[in-house]
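Remarks on the structure that follows.
The values are calculated or read from the model by the stated rules, or taken from the named source; none is laboratory data. As the structure is a prediction and not an experimental result, all values here were calculated from the model. Here the Cβ positions follow ideal geometry from the backbone for every residue, glycine too, while neighbour counts run over all protein chains shown. Side chains included, ligands, DNA and RNA excluded: accessible areas come from the protein's heavy atoms. Shrake-Rupley method; radii C 1.70, N 1.55, O 1.52, S 1.80 Å.
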Amino acid sequence: MRILVTGGAGYIGSHTCLELLNDGYEVVVIDNLSNSSIEAIKRVEKLTGKNIKFYENDILDTEALLKIFDIENIDAVIHFAGLKAVGESCMMPLQYFKVNVTGTINLLEVMEKYKVKNLVFSSSATVYGDPATVPIKEDFPLSATNPYGRTKLMIEDILRDLYRADKGWNIAILRYFNPIGAHESGEIGEDPNGIPNNLVPYIAKVAMGELKEINVFGDNYDTADGTGIRDFIHVVDLAIGHIKAIERLMKNSGLVTYNLGTGRGYSVLEIIQNYEKACNKKLPYVVVDRRPGDIAVSYADSSKAYEELGWKAVRGIDEMCRDSYNWQYKNPKGYSE
Ligand code: UD1
């Protein structure tokens, strides 16, 4: 089976390519390298001893997509490509709608043309907005609190409408909680542009002495220690979830939606403590104001994925922090060295 992975050079994309290759799938990647590196692809090839057919193209480039579908015999698509920074999306909403929404429509049109109607879509727990209760189940109400989140919700809506119109599609919408960590080899991992926005990549830079201290965004939330609680999930567990989703699509699943999380929340302070164990040093932090738009608590009920996909996250917080630090330690400048 040959899978097209859009955004396959990125953080979750590269880990998914590795799992696909190890499971015997053939992998074709399209990535414009705007927030990723070709080095990730090379390292996945090295780790697996297998080749990836790589196209450095944008999903907004319809001609390029047509060419790929023409040449390659694609059976299914895993669609990661897109912009993903919440703050940036508030400053340049049009860019987010163009790349994420228009890019996805382009891809869907080409898939339709070539009668490739098997798709795994990379969505986010952000589509639950500020949930009334936790753990979060797939049938909770959906809403968006920023343009990035709105693009994910809009794409989900487009996919639901598409499926209503044509039951020939098989679509798995995967809603990720907070992916962290890296492949245990330390060869691939998260390599954000500039100063990281997300908690664990930021902690990794503090652990390396590159940034002075962690800013804890608020300690007056209604939680045990007052800091925000999230469902952190090891990126390798997340990647494996995509393989399970592909297997499900191949059995004519129709449109299905799954939360991918561990079902357990950790607070910001608990993450710092666990990371201190992983890097074996004290990590300085200061409590600052809440970050606008942040919610207090988010964690998944992932039982549906377990029941229907046979998927469950198995890597714990120790492995997440250890693998994050191992990657950062081995690659202090990410892929750019
Ligand atoms: C963020 C996005 C979410 C996106 C996800 C992708 C926002 C509001 N949400 O999730 O839409 O799908 O990334 O990975 O940006 N924190 C600190 N200090 C920091 C950074 C974060 O205390 O320097 C805290 C936050 O307040 C939060 C927790 O750490 O409580 C996790 O934050 P982060 O890693 O940015 O993820 P989310 O905000 O959950």
Going 7 Å from the Cα of Lys251 toward and past its Cβ, which residues in segment 277-308 have a backbone nitrogen under 15 Å from where you end up? 304-308
Which of these, Ala40, Ala165, Ala125, has the largest mean-square fluctuation under a Gaussian network model of the chain (Cα springs below 10 Å)? Ala165
How much length, in nm to one decimal, is gained on full extension between Asp130 and Lys42, taken as 0.36 nm per residue of separation minus their Cα-Cα distance? 27.8 nm
Please report, as a whole percent, how much of the solvent-accessible surface of segment 106-199 comes from carbon and sulfur atoms (probe radius 1.4 Å). 49 percent
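Tell me, what is a quarter of the convex hull surface for the C-alpha atoms of segment 188-337, in nm² with one decimal? Kindly include the intermediate steps, with their values, before the conclusion.
Details: hull surface 41.0 nm².
The Cα convex hull of segment 188-337, projected and averaged over all directions, gives 10.3 nm².
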With +1 on the Cβ of every Lys and Arg and -1 on the Cβ of every Asp and Glu, the dipole magnitude of segment 20-177 about its Cα centre, in debye rounded to the nearest 20, is 240 debye
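Is there a quick way to get the dipole size of the chain? I mean about its Cα centre, with the Cβ of Lys and Arg at +1 and of Asp and Glu at -1; what is the value in debye to the nearest 20?
Numbers: 37 positive and 46 negative charges, 41 e Å.
About 200 debye.
Measure up Lys115/Lys304; Lys53/Lys251; Lys53/Lys304; Lys53/Lys137; Lys152/Lys212; Lys84/Lys137 against 32 Å on the Cα-Cα distance and list the ones that go over.
Details: Lys115/Lys304 29 Å; Lys53/Lys251 26 Å; Lys53/Lys304 34 Å; Lys53/Lys137 37 Å; Lys152/Lys212 34 Å; Lys84/Lys137 23 Å.
As for pairs spanning more than 32 Å Cα to Cα, those are Lys53/Lys304; Lys53/Lys137; Lys152/Lys212.
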For Lys333, which aspartates and glutamates qualify as cross-link partners when the Cα separation must be under 20 Å and same-chain residues fewer than eight apart are set aside? Glu39, Glu184, Glu187, Glu190, Asp191, Glu210, Glu213, Asp323
Distance between the C-alpha centers of segment 1-76 and segment 227-249? Whole Å please. 19 Å
Report, ordered by chain and residue number, the aspartates and glutamates lying within cross-link reach of Lys312, taken as a straight Cα distance under 14 Å and ignoring same-chain residues fewer than 8 apart. Asp231, Asp237, Asp301
So how much accessible area does Ile71 have, in Å² to the nearest 10, using a 1.4 Å probe? 100 Å²
When the Cα atoms of segment 111-202 are enclosed in a convex hull and the volume is divided per residue, what value in Å³ results? 168 Å³
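Going by accessible area, probe 1.4 Å, with all protein chains left in place, what is the ranking of Phe97, Phe177, largest first?
Values: Phe97 55, Phe177 10 Å².
Largest accessible area first, the residues go Phe97, Phe177.
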